[in-house]
1. So what is the relative contact order of region 106-233, in percent, for Cα pairs below 8 Å that sit 6 or more residues apart?
2. So which of Lys97/Lys131; Lys131/Lys173; Lys133/Lys181; Lys101/Lys133; Lys173/Lys213 end up more than 26 Å apart, counting from Cα to Cα?
3. Given R₀ = 30 Å, what would the calculated FRET efficiency be for Ser164 paired with Glu110, taking r from the Cβ atoms and rounding to 0.05?
4. In sequence order, what are the phi-derived ³J(HN,Hα) couplings for region 125-140 according to the Karplus relation 6.51 cos²θ - 1.76 cosθ + 1.60 with θ = phi - 60°, rounded to whole Hz, with x for glycine and proline?
5. Please work out how much length the chain gains when fully extended from Leu11 to Trp224, using 0.36 nm per residue of separation minus the C-alpha to C-alpha distance, in nm with one decimal.
6. Apply the Karplus parameterisation 6.51 cos²θ - 1.76 cosθ + 1.60, with θ equal to phi minus 60°, to every residue of region 179-186 and state each ³J(HN,Hα) to the nearest whole Hz, in sequence, with x for glycine and proline.
7. Between the DSSP loop rule and a limit of at most 13 other Cβ atoms within 10 Å, which trypsin sites (Lys or Arg not before Pro) in region 124-201 are left?
8. Quick one: which residues, 5+ away or cross-chain, put their amide H under 5 Å from the amide H of Leu158? H built at 1.01 Å from N.
Amino acid sequence: MDRPSKAVKVLPLTCLKTTDEHGTCGPGCDAGCPNLHANTTPCALRGWCEAEVQWSVMRTKNYRQIFTSSSTKHGFGNLDEFTKAPVCPEEFRAKCKGSLKFTHRGKDEEQVLQLQEHVFGLKARNNTNLKFKRLPLEEVRVLARALPCYTRLSHVALHQSVLSAEATQSLLKPLPSSLLKLTLASGMDCAARLLADAVTNLKLKVLNLENNKIGEEGAMAIAWSSSSLEIVDL
């Protein structure tokens with residue numbers, strides 16, 4: 001897919017105008033006004049802001065992009081520091097249509113959607129490593145939905161993330177056959193049989209499950225589940 005045309009517009013600073021309580025910058029300001037207006041929409045609800053967040057979290061070392069929250073809803077303590085997972089284009093488009101706003105009168109919505117799809121496609125086709133840290137449970141689910149697009153992965157790592165049995169299963173199911181190393185160092189009380197069944201279908205050489213609550217019986221089940229495994233780190 002080629003880079004979408006007119007996705008970025010360059011305007012002189014003289015076009016940056018303050019607005020009144022009605023959102024207009026002066027006499028004659030209407031829907032066709034070429035000026036840039038002050039934006040009163042919160043960043044979390046802006047389509048462009050969410051697209052820029054997505055381009056940032058698509059990097060190989062995702063954990064370098066940290067988000068904070070004063071709540072504890074993500075499960076990481078009083079000052080919630082967490083990361084986000086890359087969103088597949090179909091899901092991003094649905095989110096934009098549902099809750100996000102494109103504040104330049106909505107004219108750039110399709111260009112942003114195409115640009116997000118373009119960047120995601122480049123990353124998904126070329127990335128061989130994905131490393132995540134402090135993913136909340138819902139972001140683990142987002143990652144699971146995006147993983148089928150990554151076809152060249154050799155290593156996937158999740159550290160200090162929130163994993164349930166259901167989320168772990170959804171995460172393991174779409175892993176590509178190219179995967180050689182899997183790290184799930186998240187302190188989870190995971191089902192060893194679930195992991196054993198999952199790695200049976202992969203050609204893993206290294207499985208890192210450090211800091212997880214897996215007993216000796218579960219470790220043996222995992223170790224014997226795949227003939228390709230060379231290292232199991234508990």
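1. On the way: 223 pairs, mean separation 25.3, N = 128.
About 20 percent, as a whole number.
2. Numbers: Lys97/Lys131 29 Å; Lys131/Lys173 18 Å; Lys133/Lys181 16 Å; Lys101/Lys133 29 Å; Lys173/Lys213 21 Å.
Result: Lys97/Lys131; Lys101/Lys133 exceed 26 Å.
3. Working: r = 36 Å, r/R0 = 1.21.
The computed FRET efficiency comes out at 0.25.
4. 6, 10, 5, 10, 9, 10, 10, 10, 9, 6, 7, x, 4, 5, 6, 4
5. Values: separation 213, 0.36 × 213 = 76.68 nm, distance 6.24 nm.
Full extension of this stretch gives 70.4 nm more.
6. 5, 10, 9, 10, 10, 10, 9, 10
7. Working: sites: Arg125, Lys131, Lys133, Arg134, Arg141, Arg145, Arg152, Lys181, Arg193; in loops: Arg134, Arg152.
Those satisfying the criteria are Arg152.
8. Phe132, Thr183, Leu184, Ala185
A short reminder: the numbers here are calculations on the coordinates, not readings from a lab. These numbers come from a predicted model, not from an experiment. Here Cβ is always computed from backbone atoms with ideal geometry, including for glycine, and neighbour counts include all displayed protein chains.
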